[in-house]
Amino acid sequence: MTTDIASTSVSTSIVVEAPIEHAFTVFTDGIDTWWNKDHHLIDDLDHMVFDTYVGGHVYDVAKDGSVCRWSRVLAYDPPGRVVFSWDITPDWRVETDPARTSEIEVRFTALDPVTTRVDLEHRHLDRHGEGWEAMRTAVSTGWDLSAFAHAAHAA
């Protein structure tokens, strides 16, 4: 896995031992199997959901049933590409103004029938306003896709 930090974006890539369709499905529909359980805005997390359609959300569900929608699905093009927003402020709260959110684009490229390259770019971090540089630093290590690669390979 490699990670590059540009001025207003963070990029990372990983090769996973999984067919492209499976890698895409694990990244989206199976997000709860690989996302870091410590990286949530909601307390007492039960599970995480990635709506598999444009206009849907990525959100956390607490054990009491409460929901924290922290992302909007902006593009959903299986199995090659998905784009979703990062509706989180630099102080780690839900951002309600879409103009002050960044976005994550994930591209899936089949290298052969059982191997897929996954390229992730978290861009427009400067849209978050004051404190965005700290968020860039945090997400540069937060987008470690090794747990995703393990989940895609193990499934």
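Once the piece of chain linking Ser7 and His124 is laid out straight, how much longer is it, given 0.36 nm per residue of separation minus the C-alpha distance between them?
Details: separation 117, 0.36 × 117 = 42.12 nm, distance 0.93 nm.
Result: 41.2 nm gained on full extension.
So how many Å³ per residue does the convex hull of the Cα atoms of segment 53-120 work out to?
Values: hull volume 8.2 nm³, N = 68.
Hull volume normalised by residue count: 121 Å³.
In nm, give the distance between the simple-model label positions of Glu21 and Tyr53, each being 7 Å from the Cα along the Cα-to-Cβ direction.
2.1
I'd like the Karplus ³J(HN,Hα) series for segment 122-137: coefficients 6.51, -1.76, 1.60, θ = phi - 60°, whole numbers in Hz, and an x wherever there's a Gly or Pro.
With the stated coefficients, segment 122-137 comes to 9, 10, 6, 4, 5, 4, 6, x, 3, x, 4, 4, 5, 5, 4, 4 Hz.
Using +1 at the C-beta of Lys and Arg and -1 at the C-beta of Asp and Glu, which of Val16, Val139, Phe108 has the Cα lying farthest in the positive direction of the dipole of segment 2-154?
Result: Phe108, furthest along the dipole toward the positive end.
Which of Thr25, Thr96 has the fewest other C-beta atoms within 10 Å, and how do the rest follow up to the most? Please report the intermediate quantities before stating the final value.
Numbers: Thr25 17, Thr96 9.
By the 10 Å Cβ count, ascending: Thr96, Thr25.
What is the set of long-range amide H partners of His39 at a cut-off below 5 Å, with H atoms built 1.01 Å from backbone N?
none
Run the simple label-point estimate for Ala138 and Arg81 please: 7 Å along Cα→C-beta, distance reported in nm.
Between Ala138 and Arg81, the simple spin-label model gives 2.9 nm.
Considering only DSSP states other than H, G, I, E and B, which chymotrypsin sites (Phe, Trp or Tyr not before Pro) in segment 21-125 qualify as loop sites with at most 12 other Cβ atoms within 10 Å?
Working: sites: Phe24, Phe27, Trp34, Trp35, Phe50, Tyr53, Tyr59, Trp70, Tyr76, Phe84, Trp86, Trp92, Phe108; in loops: Trp34, Trp35, Tyr53, Trp92.
Qualifying residues, ordered by number: Tyr53, Trp92.
Counting other Cβ atoms within 10 Å, keep those with at most 12, restrict to DSSP loop, and tell me which trypsin sites (Lys or Arg not before Pro) in segment 64-131 are left. Walk me through the numbers before you get to the answer.
On the way: sites: Arg69, Arg72, Arg81, Arg93, Arg100, Arg107, Arg117, Arg123, Arg127; in loops: Arg93.
In loop regions of segment 64-131 (DSSP not H, G, I, E or B), the sparsely surrounded trypsin sites (Lys or Arg not before Pro) are Arg93.
None of the figures in this text is laboratory data; all of them are computed from the coordinates on show. From a predicted model like this one, the values you see are computed outputs, not experimental measurements. For neighbour counting, all protein chains shown are included, and Cβ atoms are generated from backbone atoms with ideal geometry for every residue, glycine included.
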